[in-house]
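Single-structure report; data block below.
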Amino acid sequence: MEYKMELTPEQLAILNGEKGETMAKVLKTLVLYGEAFGATKMVPVTGEMGHLVTSFGLGVMKPVYELMDKLIADGCVSKQKFSVDPKPLDKNVPSDPIKNLVFKKFMYSAQESYDKQLADLGLLNSDAYTCTCYMDEVGNKPKKGDVLSWAESSAVVYANSVLGARCNRNSGIIELFGSICGFVPYFGLLTDEGRKATWVVELKVTKKPEAQVLGSAIGMKVMEEVPYVKGLTDWIGTELNGDATAYLKDFGAATASNGAVGLYHIAGLTPEAVEQGESLIADGVKTYVIDDAELERVKASYPVIWKNKDATPKLCFVGCPHLSYAQLTEWTNNVSDALKQNGRTKVSVPTVFTAAPGVVKKFREDKELSAKLDATGVVLSYICPLMYMNNPLAEKMPVITCSNKLRTYTSARYYTSAEILDIITKGVK
Amino acid sequence: MKTFKGRPVVAGTAEATALVSHGGFNTLASFQHSLMFGDKAAKCGDQNNPDLYQKPMAGVALCLPQTIGSTTGGMVLYCAKAMGRSPSCLLFSEHIDSLAAAGAVLAAVWSDDGGMPTVDCLGDEFLAAVKTGDRIKVYEDGTVEVG
C-alpha cells in the first residue's frame, strides 16, 4: 500500500509486518488517521504518561474488548503508563437493588475483565481512574510543549489550553495506539498553525459568567475551532491559581462537550496567550460578542427532557469533570454554611460530589473537613456521573447538576452552581 | 439529480437513504442508548439534535457537517459498525474532524467488511441540497449523487 506520509525505515518495517500483523494494523490506523488531516510525518510522544477515555466495562461493547485482547495477546501494549477516565460504579452512590442488578449483571458486566485489560496494557495504578488526571493529587500533569497521546475531551482541552501541552482531540483507541507506538501523526493542535485562534470572543458582561454556561455558548458557536477570549481576566484574574484553573477546567469541559473545542486561549492568562498575545489570532478571524443576554439565551435553550418537568429532584451530581481539592473544600463549606442559614442539618436532595481518588484521599485525611461534609449528608465518590446516568433507570430519574457535560449527554437538568446550592440546602417541594 | 464531489477518506461505494443533520453530530449522545440497550435501528438519542432525535441511523447515508462531543466518538462509531448499527456511509460537508476520522479509519482497518465509505469536503451546498429521505449513491472517487 502507498502512503502519502513520510515514514522512517523503522515505521515502514512495522507496516510491512516486521513486528507482527497486529502491530502493523495499529500503525496503519495511525497513518491513515493522520493522512486524513494531511499529516506529513509522525512525531514522538514526549509527555511522560498517556490518558485513555474508556474506563467502563460495558458488556455490550465486545468489539473494543476483543480488540484489546488481541493487542495484549500480541504484545502490543503501551510504551508509557497511563491514567484513564473514572469508574462507572461506586457502592457509596445512592442506588437500589434493581439498579445494582442492572449495573453489575447487565450493563457493566465486563468491568472486572476490562480493569484487568487496562492493567495489562499499562495503567498507572488502581487510583488512576479520573477525568482530571492533571490534578497534583493524581500526578499525570504534562509540561508545556509536551506532545501527548490523550483522549477525554475535557482533559485534552485543559492540557492544551491551561498547561500548554500539545494534543489533538484523539478518539478512544487512537490515543492508546499512540501510546503503543510512541509516536503520533503531526497535524492540527500539534502544529503552531493549528494553535492559532480563528474566533475572537469578546466578553461584555456585568457579572462573572458561570464557567459552564460561558463554555457552552462558545462551544456551540465555534464548534472545533480555536477561540481567543478577551475580557475574562476582569473576572478570574491574570494568575493561573487554583480558582482560575478550576474555572477553566469547567469552562473547557463545556466548550468541548457542547462543541468540539480542543484548545482555547484566554487573553492575559493562558500560557500561549500570555507569551504571544494577539499574534495568536489568525487572519480572517470571526467575532462572537457575549453579553448577559446571550448567556441567558444559551442557558434558556437547554431542553428539559424530564417526563414531568416539575418533578422533585431525586439526585444531584456536582463534579463533572471531577472537582479539584479546592472546589471540594469550597462546596463543603458552602453547603454546610447554607444548611445552617436555612435551619437544616442535611441536604434535601440526595447529593453526590465527585473527585479523583487521590483528591478524595487527601480530603479524607482532613478529619475536620471530612466530618463537616459527612454531616451534610452529601456522598463523596470517585464515580463518573455520566456513566452512572447512562441507563434507562437513571434516565427516568429527575437528576440535577451544575455540569454542562452531564446535561449534554444525559437527562440531567442543568442549574448554575448557586442554584444547585440553593436547591439542595432548602426544602424541596 | 444533483452531483457533488468530495474527498474519499475511506473509499468505497454505497447506496442508502439520506439522514441529514445540519448541526454538529454528537456521536456519543446519538449512539450510546442504541449500543447499550440493543436498539438495532440505532435511533438517535441526542436530545440537542432536532434533525435526528429519535430517528433510526442504522443503514442510512448520514449527511452532516462534522461530529462533536466526547472523545469516545471514534470508538463508538467503530463499535456501531462492528455491531451492525452504523450508518452505511458518512458524508461530511466540511473537512472531517478527528473523532469521526478515527471511527471511519478504525472501522476500515479493523472490521472484516471494509468499513463505512466516508467522504468529506462536500461543501455547504451539499448540506443545503440534500434532504432526509433522499436516495444517495456514493462512488469510490468521492462522487455523491443525490436524488
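The values are calculated or read from the model by the stated rules, or taken from the named source; none is laboratory data. None of the values given here were measured: they were computed from a predicted structure. Cβ atoms come from the backbone with ideal geometry, glycine included; neighbour counts cover every protein chain shown.
Quick notes on this structure:
- Residues within segment B:35-47 that are within 14 Å of another protein chain (Cβ to nearest Cβ) and in contact with a strand residue (DSSP E or B) (Cβ under 7 Å, 6 or more places away or on another chain), tallied: 3
- Counting only residues that are crowded, with 24+ Cβ neighbours inside 10 Å and out of contact with any Leu (no Cβ under 7 Å at 6 or more places or on another chain), segment B:90-114 holds 7 of them.
- Scan of segment A:248-288 for residues that are surrounded by fewer than 24 Cβ atoms within 10 Å (Cβ to Cβ) and among the hydroxyl-bearing types (Ser, Thr, Tyr), ordered by number: A:Ser279, A:Thr287, A:Tyr288
- Note on segment A:120-167: residues that are within 14 Å of chain B (Cβ to nearest Cβ) and either surrounded by fewer than 24 Cβ atoms within 10 Å (Cβ to Cβ) or of a type in the set (Lys, Arg) (or both) total 1.
- Residue in segment B:11-29 that is at the interface with chain A (Cβ under 10 Å from one of its Cβ atoms), modelled with pLDDT under 90 and not in a strand (DSSP E or B) present: yes
- Segments classed as strands (runs of 3 or more DSSP E), wholly inside segment A:29-101, with at least 3 members that are in the same structural domain as A:Tyr186 (by TED's automatic domain parsing), in contact (Cβ under 8 Å) with a residue 40 or more places away in the chain and under 25 Å from the mean Cα position of the chain (by Cα): A:50-52, A:82-84
- Residues satisfying the stated conditions in segment A:398-419, i.e. of a type in the set (S, T, N, Q) and either within 12 Å of another protein chain (Cβ to nearest Cβ) or surrounded by fewer than 21 Cβ atoms within 10 Å (Cβ to Cβ) (or both): A:Asn404, A:Thr408, A:Thr410, A:Ser411, A:Thr416, A:Ser417
Each row is one residue, and each column tells you yes or no for (1) within 14 Å of another protein chain (Cβ to nearest Cβ); (2) within 14 Å of the chain's Cα centre (by Cα).
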position	(1), (2)
B:Leu62	no, yes
B:Ile68	yes, yes
B:Thr72	yes, no
B:Val146	no, no
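- Every residue from segment A:58-85 that is crowded, with 23+ Cβ neighbours inside 10 Å, in contact with a Phe, Trp or Tyr (Cβ under 8 Å, 6 or more places away or on another chain) and either more than 13 Å from every other protein chain (Cβ to nearest Cβ) or over 30 Å from A:Asp146 (Cα atoms) (or both): A:Leu58, A:Ser83
- Only one of the numbered conditions (1) in contact with a helix residue (DSSP H, G or I) (Cβ under 8 Å, 6 or more places away or on another chain); (2) of a type outside the set (A, V, I, L, M); (3) facing chain A (nearest Cβ under 8 Å) is not met by B:Ser93, and that is (3).
- Verdict on B:Lys81 being away from every other protein chain (no Cβ under 13 Å), over 20 Å from A:Glu152 (Cβ atoms) and among the basic types (Lys, Arg): no
- Breaking point among (1) more than 14 Å from chain B (Cβ to nearest Cβ); (2) more than 22 Å from A:Lys91 (Cα to Cα); (3) surrounded by fewer than 23 Cβ atoms within 10 Å (Cβ to Cβ), for A:Ser348: (2)
- Of all the residues in segment B:1-25, those that are among the polar types (S, T, N, Q) and either under 28 Å from A:Thr29 (Cβ atoms) or in contact with a Leu (Cβ under 9 Å, 6 or more places away or on another chain) (or both) number 2.
- Residue among A:Leu369, A:Leu323 that alone is crowded, with 23+ Cβ neighbours inside 10 Å, away from every other protein chain (no Cβ under 14 Å) and more than 22 Å from A:Gly57 (Cα to Cα): A:Leu323
- Residue check for A:Lys143: modelled with pLDDT of 95 or more and assigned by TED's automatic domain parsing to the domain that holds A:Val45: yes
- For B:Ile68, the conditions (1) at positive phi; (2) out of contact with any Pro (no Cβ under 7 Å at 6 or more places or on another chain) all hold with the exception of (1).
- When residues of segment B:21-58 are limited to those that are over 25 Å from A:Leu393 (Cα atoms) and touching an Asp or Glu at 6+ places or on another chain (Cβ under 6 Å), the one surrounded by the most Cβ atoms within 10 Å (Cβ to Cβ): B:Ser21
- Yes/no for A:Phe177 being facing chain B (nearest Cβ under 10 Å) and surrounded by fewer than 22 Cβ atoms within 10 Å (Cβ to Cβ): no
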